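Below you'll find the structure, written out as structure tokens, and then a few comments.
The values are calculated or read from the model by the stated rules, or taken from the named source; none is laboratory data. Since the model is a prediction, treat every value here as computed from it, not as a measurement. Because the Cβ atoms are built from the backbone with ideal geometry, glycine has one as well, and the counts that use them run over all protein chains shown. Accessible surface areas use protein heavy atoms only, side chains included; no ligands, DNA or RNA. Shrake-Rupley method; radii C 1.70, N 1.55, O 1.52, S 1.80 Å.
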Amino acid sequence: MRIDVLIVGAGFGGLYALHKLRSIGLRALVLEAAPSVGGTWWANRYPGARVDIQSLEYSYSFDEPLQQQWHWSERYASQPELLRYANHVADRFDLRRDICLNTRVEQAHFDEATALWRVRTDDGRTWRARFIVTAVGPLSTPNTPAFPGLDSFAGPVLHSARWPHEGVDFGGRDVAVIGTGSSAVQMIPLIAERARTLTVFQRTAAYAVPARNGPLDPEREARIKADYAGFRARNRRMRAGFGCELAPHALPTMQVSAEERQAQFEQRWQIGGFSLLGAFADTLTDARANQACAEFVRGKIRGIVRDPALAERLCPTHPIGCKRLCVDTGYYDTYNRSHVTLVDVGGTPIERITPRGLVAGGREHGFDTLVLATGFDAFTGPLTRIDLRGRGGLPIADKWRDGPLNYLGLAVAGFPNLFNLVGPGSTSAFTSVITAIEQHVDWIADCIGWLDASGRRTIEASADAEARWVQWVNHVAEQTVYPHCNSWYLGANIPGKPRVFMPLASGFPAYADRCAAVARDGYAGFVTR
Ligand SMILES: Cc1cc2nc3c(=O)[nH]c(=O)nc-3n(C[C@H](O)[C@H](O)[C@H](O)COP(=O)(O)OP(=O)(O)OC[C@H]3O[C@@H](n4cnc5c(N)ncnc54)[C@H](O)[C@@H]3O)c2cc1C
């Protein structure tokens, strides 16, 4: 069977890539390790799992009837609803006939003689294709820290990203949660509702802003749907690819009075979600502005948590937004409950897991159920786990030993005809990811169309363009607060991972414009043969 494009992964990225590439006449096939489409929203089923960008914005825009007819029940859709949406899209666009589920790509080698990719999957099958699109997800490789003694734990050990599909009843249990990132912040209030006791092990305190979730306001839905295309277009001109209804204040944070600053933050706090970070345009680029916003949230924490000493331990000290901002429902208030305990393990790390708990700071803490909300080997993890080799048999893991090299976040020098979605080097997780996926896939489709029209067989990033791109990604990051804390954007959560700032912090419009300019200039920075 002739295959033009093998797409790895059937999350929102892989689904749209299949639809789009088919629509331009290419024979495309998706290989997906999981037994279902949906990616992130198939895997992450912990209590409270939901999107933290409003669903009217975190959804596909490529098909007007789809965006008109699909109705989200809540402002922020829950995991089951997002999974239903992914399945609906797969059915609606007849995608399933070209998706192989339960099929993990283990190896992909570029064969220079034939200019084809040779791919092997875990069921022993082999495939050949001209192009590969890796839609393997920015957050699809769960991170399980190598705690000594983890295997000895007598009760269940659950990871947020590998949650049992039948669900977990925490009723009457003594539960421990390790981690206080986005997933933990979503699940902790709900686990506390059921558990006998809950102990949270915190390495770094988290900034969380209220989601103010609820049923989707029908009036707002109707207003947006009356000009959905216009709304999407306006969002694509926003830094994060969403949030066009709320413009930041016209002045920088520190140029307005303290009262006005407070009022602006308070208004965003009441609106909920990421809107707080957009109250002023300089929150992520100016240290004093960032400090003002951070102090506002610390004030909220002190107002919510009744025990002042506990409130201080929950107050983060790093710049706000430097790690992904958490969007919560009742997170800080949960610590007012008498059966919930916070244990700091930042200064006194977890030493070992025992059959009935864990030891930190020389003290054993007991529990019978352990939840790991320990995140992901972000961006590079899923790719370096594939035996992926370009020209000269160079493994991607070697090429990226000191950090991920790429051009436009889409292509890697020495890896012809391979395109990566929402990984390092693009605005990726700094954007509403579906918006980024659509931009990437449309660009890739145009690029393949252009290559075919030119009669050439391969296209790859030049080493020069790649080096300049990586320099730019670093340069942009240095103008922001992002490098100033230990985040998964930097790979800091994975021992031994090179500390390199991975996503591009330029904002989505600047990135998309750059990609468009490269295409207009005949794919400048790429080499074709
Ligand atoms: C809990 C959680 C909440 C999130 N919330 C938001 C949010 O609010 N807003 C936002 O913009 N983004 C959010 N994200 C990021 C989210 O990952 C993206 O929004 C989006 O779902 C990514 O889609 P994708 O198709 O690129 O990747 P994924 O959905 O991760 O899909 C990748 C697929 O590739 C498959 N795969 C990987 N390696 C292989 C292989 N070797 N062979 C075969 N298949 C493979 C995986 O099994 C997976 O199904 C969240 C992520 C998580 C984990």
Determine which single condition Phe170 fails, assuming it passes every other condition in (1) more than 19 Å from Gly375 (Cβ to Cβ); (2) within 15 Å of the ligand (Cβ to nearest atom); (3) open to solvent by less than 40 Å² (accessible area, probe 1.4 Å). (2)
Select, from Ala33, Ala49, Ala17, the only residue that is closer than 26 Å to Thr334 by Cα, of a type in the set (Gly, Ala, Ser), within 9 Å of the ligand (Cβ to nearest atom) and at pLDDT 95 or above. Ala49
Across the range 121-145, what is the number of residues that are more than 8 Å from the ligand (Cβ to nearest atom), in a loop (DSSP other than H, G, I, E, B) and touching a helix residue (DSSP H, G or I) at 6+ places or on another chain (Cβ under 9 Å)? 3
Output for Cβ contacts, cut-off 6 Å, separation at least six or different chains, first residue within 19 Å of Asn406 (Cβ to Cβ) in the range 493-509, second open to solvent by 30 Å² or more (accessible area, probe 1.4 Å) and assigned to a loop (DSSP other than H, G, I, E, B), reads Pro498/Asp402; Gly507/Arg239
For the range 12-43 the number of residues that are open to solvent by 10 Å² or more (accessible area, probe 1.4 Å), within 30 Å of Gly375 (Cα to Cα) and in a loop (DSSP other than H, G, I, E, B) is 6
Any hit, the range 207-228, residues being more than 17 Å from Tyr58 (Cα to Cα), open to solvent by less than 20 Å² (accessible area, probe 1.4 Å) and not in a strand (DSSP E or B): yes
All helices (runs of 4 or more DSSP H) inside the range 281-370 with 1 or more residues being more than 23 Å from Ile271 (Cα to Cα): 287-304, 308-314
Number of the exception - Asp377 against (1) out of contact with any Gly (no Cβ under 9 Å at 6 or more places or on another chain); (2) acidic (Asp, Glu); (3) within 21 Å of Ser426 (Cα to Cα); (4) within 16 Å of the ligand (Cβ to nearest atom): (1)
Restricting attention to the range 239-278, and to residues there that are in a loop (DSSP other than H, G, I, E, B) and in contact (Cβ under 8 Å) with a residue 40 or more places away in the chain, which single residue is farthest from Gly299 (Cα to Cα)? Gly241
What number of residues within the range 501-529 satisfy the criterion of being open to solvent by 30 Å² or more (accessible area, probe 1.4 Å) and in a loop (DSSP other than H, G, I, E, B)? 4
Can you pull out the residues in the range 438-462 that are under 19 Å from Pro138 (Cα atoms) and open to solvent by less than 10 Å² (accessible area, probe 1.4 Å)? His440, Val441, Ile444
Which residues, taken from the range 94-128, are within 25 Å of the chain's Cα centre (by Cα) and open to solvent by less than 30 Å² (accessible area, probe 1.4 Å)? Leu95, Ile99, Cys100, Thr103, Val105, Ala108
Would you point out which residue out of Arg352, Arg389, Arg356 is basic (Lys, Arg), within 16 Å of the ligand (Cβ to nearest atom) and open to solvent by 20 Å² or more (accessible area, probe 1.4 Å)? Arg389
On the given criteria, is Ala467 within 16 Å of the ligand (Cβ to nearest atom) and either touching a residue at least 12 places away in the same chain (Cβ under 8 Å) or under 23 Å from Ala294 (Cα atoms) (or both)? no
In the range 80-128, anything among the small types (Gly, Ala, Ser) and closer than 14 Å to Gly14 by Cβ is listed as Ala86, Ala90
Quick count over the range 472-488, residues being in a helix (DSSP H, G or I) and open to solvent by 60 Å² or more (accessible area, probe 1.4 Å), is 4
Across the range 53-66, what is the number of residues that are near the ligand (Cβ under 10 Å from one of its atoms) and open to solvent by 20 Å² or more (accessible area, probe 1.4 Å)? 2
If you scan the range 100-114, which residues turn out to be more than 11 Å from the ligand (Cβ to nearest atom) and either at pLDDT below 95 or closer than 27 Å to Gln439 by Cβ (or both)? Phe110
Search result, residues across the range 394-441 that are more than 13 Å from the ligand (Cβ to nearest atom) and among the β-branched types (Val, Ile, Thr): Val412
With respect to Phe131, determine if the residue is open to solvent by less than 60 Å² (accessible area, probe 1.4 Å) and closer than 30 Å to Ala311 by Cβ. no
Against the definition (closer than 28 Å to Gly214 by Cβ, of a type in the set (A, V, I, L, M) and open to solvent by 20 Å² or more (accessible area, probe 1.4 Å)), how does Leu83 come out, yes or no? yes
Within the range 463-471, is even one residue open to solvent by less than 10 Å² (accessible area, probe 1.4 Å), small (Gly, Ala, Ser) and assigned to a helix (DSSP H, G or I)? yes
If you go through the range 391-414, how many residues are out of contact with any helix residue (DSSP H, G or I) (no Cβ under 7 Å at 6 or more places or on another chain) and farther than 13 Å from Val470 by Cα? 8
What is the one condition in (1) open to solvent by 20 Å² or more (accessible area, probe 1.4 Å); (2) in contact with a Phe, Trp or Tyr (Cβ under 8 Å, 6 or more places away or on another chain) that Gly425 does not satisfy? (1)
Does Gly149 meet the test of being touching a strand residue (DSSP E or B) at 6+ places or on another chain (Cβ under 8 Å) and on the phi > 0 side of the Ramachandran plot? yes
Determine the pairs where a residue that is free of Cβ contacts under 8 Å to residues at least 60 places away in the same chain, located within the range 144-158, has a partner that is β-branched (Val, Ile, Thr) with Cβ atoms under 9 Å apart, the partner being 6 or more residues away or on another chain. Asp151/Val157; Asp151/Ile353
